[in-house]
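Worksheet: the structure to be examined is printed underneath.
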Amino acid sequence: MSFLTVENIVKDFGGLVANNNVSFTIEEGEIIGLIGPNGAGKTTLFNCIVGYHRPDSGKVTFRGKDITGMKPFATNREGIGRTFQIMKVTTGMTVLENVMVGAFCRTNDRNTARGKALEVLNDLALDGVKDYYINELPIAIQRKVGLARTLATKPVLLMLDEVASGLNPKEIEDVVELLRRLNNTKKITLFLIEHIMEMVMKVSQRVIVLDYGEKIAEGLPADIVRNENVIKAYLGEKYAQGL
Amino acid sequence: MEKLKDALDFSDFSKAERIGLIIFSVFLLVFPWLGTGSFAKTVMIQFLLFSLFGMGWNTIGGYGGQVELGKAQYVGIGAYTVALMMVWWKIPFWISMPAGILIAIGYSFAIGYPLFRLKGHYFAIATICTSLVLKDIFDNWSLVGAAKGVELPIHEHPDFVYMQFKSDTYYYFFIMALFYIGLFYMNWFRKSKLGYQLRMIKDDEDAAESLGIDIRWCKIKAYSIASAFVAVGGGFMAVYNLYIDPASTMELSLSIKIALMAMLGGAASLWGPIIGAAFLVPLDRFLGSWLGGQKGLTGIDFMIYAALIMIVSAYQPRGIWGIIEQFRKRGR
Ligand SMILES: Nc1ncnc2c1ncn2[C@@H]1O[C@H](COP(=O)(O)OP(=O)(O)O)[C@@H](O)[C@H]1O
Ligand SMILES: [Mg+2]
């Protein structure tokens, strides 16, 4: 039994087939990258797994349980955390309060939630900004806050949608470091959509490639960059030669 | 125990706010002896009553960010339960008022369940509609007095069983007690799990859902808390006015006033509804007595309210309290 099994997912937006018969599995403890050109259906696939969309057909099984069509709050309670490609810049709650909301997922007590939130903030080196509002922070920190509040829900599978986009090389380095640490010490399985090839190739153990809603390749990063279909669809000859 | 501590703990407010609360409380306590006359006392009772309504609205409307414009139906439910139980079966206030709360909660779950399938403007309009339908039913239902309403039998002596008094001072202290229960409850509520979750829902529904929050269920819970608050106020109105009818308890204008007071004072703030009521109740009285006598001018008060809403939402969506906080931030 696999940790996460995705079978024949189809999502049709009225003629536009964003996911066409996508299947794959993820094992516990893995770091899996999901790549593909813009509009390939990566975010849609995430949404079908965590329940923002109900797939037209297909099945999602998480730790032996059929979670197809479950609501996002329910899949979160099952242990799946996800971050958003575009994080809404909000003004109503401080960083600490945001992360506390995540922690409230596992407790009813405010002091417990606060303690847990502070722990996560401390772990991500965010304690310095805990009293700021999201809109007062630079984008790299905003993304980290998005990650922190998701981590506070104690996910065992973490799905990250372009967590490194908009960051500079140094910041990307930090994120890579952080993801490896979460995977190593916290034993969190990672499933990440990424645009920045260097990052995906560096951090992922296995890569899945989507193009026009279909899975066109899956394999080790080193094999993926040499895969004919992938090069045609996405990478371009130059990149492959450069490696 | 922990909850009670949270309810009575104002320590996360600034010193100025805490001193303000103490001065305000002392003022409320000594007010009946200031010799201001009966008109001022009536206004004060209205002020406390509307503060209570506004605090209730603030749960779903302020913290939850859902534009709710149908609170009057719960005023009606609270008021009619108290009045009818007394008239029909001589049931004491202390039983009929909790019964009114229970009916309001049950009703709020029943209509909240479909209502919260809707979002934004659709939700706002649907809340107005449900309230109007209930008013229409009561307007035509002869068993409950139809449009003529219900008159409560008058008791000559102070009566703590049916909560009937000749002197307004009794009512004043009674509504003041309810006001403080409401205030302490809200002080707990804003720090509760539900309070945090509602604020997240208001900020970003998708993110809230990804953090394990059952959005619809949270909204329904907050909506029923709001309804319970308002039903208490409705019960009070029945014994205070000794006469209720659909027009005075379930009119759309009442729903709008409740929401407007909280928004004007400052939605999602503990003080907002109180500030809003302190501002709008006297204004309402003034406009009522000034314009009431002049033919053709009824309705102008609503134009003034509409203008206020527009000014607030354009200048500072967080109301008067938002403006105060802005200045305090600048001062720092
Ligand atoms: N809610 C939606 N309704 C209709 N079309 C959508 C919706 N979400 C995504 N799409 C379309 O589905 C396709 C895949 O989008 P998306 O999954 O966001 O791609 P990616 O994340 O790989 O860039 C795009 O053509 C997009 O326009
Ligand atoms: Mg995307």
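Can you say whether B:F236 is farther than 30 Å from B:I300 by Cα and either crowded, with 22+ Cβ neighbours inside 10 Å or within 14 Å of chain A (Cβ to nearest Cβ) (or both), as far as the supplied structure shows?
No: the conditions fail for B:F236.
I need every pair where a residue in segment A:152-163 that is within 11 Å of chain B (Cβ to nearest Cβ) and β-branched (V, I, T) has its Cβ under 6 Å from the Cβ of a residue that is part of a loop (DSSP other than H, G, I, E, B) and open to solvent by less than 10 Å² (accessible area, probe 1.4 Å), sequence separation at least 6 or different chains.
A:T153/B:L211; A:T153/B:G212
Working only within segment A:2-47, note down all residues that are within 11 Å of ligand 1 (Cβ to nearest atom), among the charged types (D, E, K, R) and over 16 Å from A:E218 (Cβ atoms).
Of everything in segment A:2-47, those that are within 11 Å of ligand 1 (Cβ to nearest atom), among the charged types (D, E, K, R) and over 16 Å from A:E218 (Cβ atoms) turn out to be A:K11, A:D12.
What single numbered condition from (1) more than 10 Å from chain B (Cβ to nearest Cβ); (2) open to solvent by 60 Å² or more (accessible area, probe 1.4 Å); (3) under 23 Å from the mean Cα position of the chain (by Cα) fails to hold for A:L124?
So A:L124 meets the others, but not (2).
Looking only at segment A:1-37, count every residue that is surrounded by fewer than 16 Cβ atoms within 10 Å (Cβ to Cβ), assigned to a loop (DSSP other than H, G, I, E, B) and away from ligand 2 (no atom under 16 Å from the Cβ) and tell me the total.
Total satisfying the criteria: 7.
Report the residue count in segment A:38-97 for those that are at positive phi, within 16 Å of ligand 2 (Cβ to nearest atom) and either among the charged types (D, E, K, R) or open to solvent by less than 20 Å² (accessible area, probe 1.4 Å) (or both). Reasoning before the result, please.
Restricting attention to segment A:38-97, the residues satisfying the condition of being at positive phi are A:39, A:41, A:51, A:58, A:63-64, A:69, A:79.
From the residues that got through so far, the ones that are within 16 Å of ligand 2 (Cβ to nearest atom) too are A:39, A:41.
Add one more test, that the residue is either among the charged types (D, E, K, R) or open to solvent by less than 20 Å² (accessible area, probe 1.4 Å) (or both), and what stays is A:41.
Looking only at that region, the number is 1.
So, in segment B:147-158, how many residues would count as being outside any loop (DSSP other than H, G, I, E, B) and loosely packed, with under 15 Cβ neighbours inside 10 Å? Quick ask: steps written out before the conclusion?
Taking segment B:147-158 first, the residues outside any loop (DSSP other than H, G, I, E, B) are B:147-148, B:150-151.
If we keep only those that are loosely packed, with under 15 Cβ neighbours inside 10 Å as well, we get B:147-148, B:151.
Total satisfying the criteria: 3.
Is one or more of the residues making up segment A:86-100 without any contact (Cβ under 8 Å) to a residue 12 or more places away in the chain and more than 8 Å from chain B (Cβ to nearest Cβ)?
yes
Just need a number here: residues in segment B:66-93 that are within 20 Å of the chain's Cα centre (by Cα) and open to solvent by 10 Å² or more (accessible area, probe 1.4 Å). Walk me through how you get there before you give the answer.
Here is the first cut: in segment B:66-93, the residues within 20 Å of the chain's Cα centre (by Cα) are B:66-83, B:93.
Still in the list and also open to solvent by 10 Å² or more (accessible area, probe 1.4 Å): B:66-67, B:69, B:77, B:81.
Looking only at that region, the number is 5.
So is A:V101 surrounded by 19 or more Cβ atoms within 10 Å (Cβ to Cβ) and either part of a helix (DSSP H, G or I) or at pLDDT 95 or above (or both) or not? First the steps, then the outcome.
On the way: surrounded by 19 or more Cβ atoms within 10 Å (Cβ to Cβ): yes; either part of a helix (DSSP H, G or I) or at pLDDT 95 or above (or both): yes.
Criteria met by A:V101.
Which numbered condition trips up B:K135, out of (1) surrounded by fewer than 18 Cβ atoms within 10 Å (Cβ to Cβ); (2) part of a helix (DSSP H, G or I)?
Failed condition: (1).
On the given criteria, is B:I128 surrounded by fewer than 20 Cβ atoms within 10 Å (Cβ to Cβ), more than 14 Å from every other protein chain (Cβ to nearest Cβ) and of a type in the set (A, V, I, L, M, F, W, C)?
Values: surrounded by fewer than 20 Cβ atoms within 10 Å (Cβ to Cβ): yes; more than 14 Å from every other protein chain (Cβ to nearest Cβ): yes; of a type in the set (A, V, I, L, M, F, W, C): yes.
Here the answer is yes, as B:I128 does meet what is asked.
Scanning segment A:132-186 for residues that are open to solvent by 10 Å² or more (accessible area, probe 1.4 Å) and among the small types (G, A, S), which turns out farthest from A:Q85 (Cα to Cα)?
Looking at the filtered set, the residue picked out is A:A140.
I'm told A:R143 meets every condition in (1) more than 16 Å from ligand 2 (Cβ to nearest atom); (2) part of a helix (DSSP H, G or I); (3) over 20 Å from A:G79 (Cα atoms); (4) at pLDDT 90 or above except one. Can you identify the failing condition by its number?
Status for A:R143: all satisfied but (1).
Considering only residues that are in contact with a Gly (Cβ under 7 Å, 6 or more places away or on another chain) and either surrounded by fewer than 23 Cβ atoms within 10 Å (Cβ to Cβ) or on the phi > 0 side of the Ramachandran plot (or both), which ones fall in segment B:200-218? Steps first, answer last, please.
First, the residues of segment B:200-218 that are in contact with a Gly (Cβ under 7 Å, 6 or more places away or on another chain): B:201-203, B:211.
Of everything in segment B:200-218, those that are in contact with a Gly (Cβ under 7 Å, 6 or more places away or on another chain) and either surrounded by fewer than 23 Cβ atoms within 10 Å (Cβ to Cβ) or on the phi > 0 side of the Ramachandran plot (or both) turn out to be B:K202, B:D203.
Checking the conditions here, which among B:K221, B:K191 is within 14 Å of chain A (Cβ to nearest Cβ), assigned to a helix (DSSP H, G or I) and either in contact with a His (Cβ under 9 Å, 6 or more places away or on another chain) or not small (G, A, S) (or both)? Working first, answer last.
Working: B:K191 fails: assigned to a helix (DSSP H, G or I).
Exactly one residue qualifies, and that residue is B:K221.
The values are calculated or read from the model by the stated rules, or taken from the named source; none is laboratory data. Everything numeric here is computed off the predicted structure, so don't read it as measured data. Neighbour counts run over all protein chains shown; Cβ positions are idealised from the backbone, glycine included. For accessibility, only protein heavy atoms count, side chains too; no ligands or nucleic acids. Shrake-Rupley method; radii C 1.70, N 1.55, O 1.52, S 1.80 Å.
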